[in-house]
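One structure below.
Here, each number is a calculation from the coordinates, and none is a lab measurement. Remember, predicted model here, so these are calculated numbers, not experimental data. Counting neighbours? That spans all protein chains shown, and the Cβs are built from the backbone with ideal geometry, glycine included.
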Amino acid sequence: MTGATAASVHASAVTVGNRGVLIRGPSGSGKSRLAFDLILAGRTGQISPAVLVGDDRVYLDVRGDHLVVRPAPQLAGLIEIRGLGIRRCAFNEEAVVGLVVDLAAEEAERLPPPEALQTLINGVMIPRIPVAPNFQSLPLVVAALTTTHDATTCASSTDCSKGISNHIRPSIATE
């Protein structure tokens, strides 16, 4: 795909650090809310700084082996905040998608199999978080961005004053 043939999709996107987070789901599932919650989490230091890419409608394009997301030009810098309406905020003109969040995903499981944690979009395989309907998405996404996926990949922490080395170290957000 090239910019001229980029696909428009009903989704929102933010950058968290240098990683684009594509948020998909049916109308009313909380895409705008999660995008804004991630921006706020970035401002408070819970995650790397987060900036809007696009809300409600974005364009996806493949460049090499990367999926790139851009805002719809007429919506660039605009985000819906329920109770306040459409607001203007800072935005990035594009981002390489490094995580997909699927809201109201009926197949979401408590302990998802590895294949459920990936999705193929336009030939590009991307890590995925399926979020069950009516489940709090922000803690799940923050956990995915700031923790390791498996205890065997955690290195022992040398800063533990009790010597039990049970600290979780970031991995996804810093890779």
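Please state the charge dipole magnitude for the range 3-149, taken about the Cα centre, from unit charges on C-beta atoms (+1 on K and R, -1 on D and E), reported in debye and rounded to the nearest 20. Display every interim value, and only then the final one.
Working: 13 positive and 13 negative charges, 85 e Å.
Roughly 400 debye for the range 3-149.
Of the options S12, I39, P133, report the single residue whose Cα projects farthest towards the positive end of the charge dipole of the range 3-149 (beta-carbon charges: Lys, Arg +1; Asp, Glu -1).
The one lying farthest along the dipole's positive direction is I39.
Which of the trypsin sites (Lys or Arg not before Pro) found in the range 41-130 are in a DSSP loop and have at most 13 neighbouring Cβ atoms, other than their own, within 10 Å? Walk me through the intermediate numbers first.
Numbers: sites: R43, R57, R63, R82, R87, R88, R110, R128; in loops: R57, R82, R110.
In loop regions of the range 41-130 (DSSP not H, G, I, E or B), the sparsely surrounded trypsin sites (Lys or Arg not before Pro) are R82, R110.
Loop only per DSSP, at most 14 neighbouring Cβ atoms within 10 Å: give me the GluC sites (Glu not before Pro) in the range 44-152, ordered by residue number. It would help to have the intermediate numbers written out before the result.
Working: sites: E80, E93, E94, E106, E107, E109, E115; in loops: E93, E94, E106, E107, E109.
Counting only loop positions with at most 14 other Cβ atoms within 10 Å, the GluC sites (Glu not before Pro) in the range 44-152 are E93, E106, E107, E109.
Where in the range 119-149 is the amide nitrogen less than 15 Å from a point lying 7 Å along the Cα-to-Cβ axis of V96?
What the label zone holds, given the 15 Å backbone N cut-off, is 124-127.
What's the FRET efficiency of A7 with E106 using the Cβ-Cβ distance as r and R₀ = 35 Å, to the nearest 0.05? Write down the numbers at each step before the final one.
Working: r = 23 Å, r/R0 = 0.67.
Taking R0 as 35 Å, the efficiency between A7 and E106 is 0.90.
Using the C-alpha gyration tensor of the range 10-119, what are the square roots of 5 times its eigenvalues, in whole angstrom, with the largest one first?
On the way: eigenvalues 88, 58, 42 Å².
So the three semi-axes of the range 10-119 are 21, 17, 14 Å.
Can you give the local net charge around D55? Use residues other than it whose beta-carbon is closer than 15 angstrom to its beta-carbon, Lys and Arg +1, Asp and Glu -1. Before the final figure, lay out the partial values.
On the way: positive: R24, K31, R33, R57, R70, R82, R87, R88; negative: D37, D56, E80, E93, E94.
Counting the neighbours of D55, the net charge comes to +3.
Each residue of the range 97-110 in turn: what ³J(HN,Hα) in whole Hz from Karplus with 6.51, -1.76, 1.60 and θ = phi - 60°, glycine and Pro shown as x?
Each residue's phi maps through the Karplus curve to give 6, x, 7, 10, 10, 9, 7, 6, 7, 4, 8, 4, 10, 4 Hz.
Tell me, in nm to one decimal, what length is gained between Q136 and A116 on full extension, where the rule is 0.36 nm per residue of separation less the Cα-Cα distance? Don't jump to the answer; show the numbers that get you there.
Working: separation 20, 0.36 × 20 = 7.20 nm, distance 1.85 nm.
Full extension of this stretch gives 5.4 nm more.
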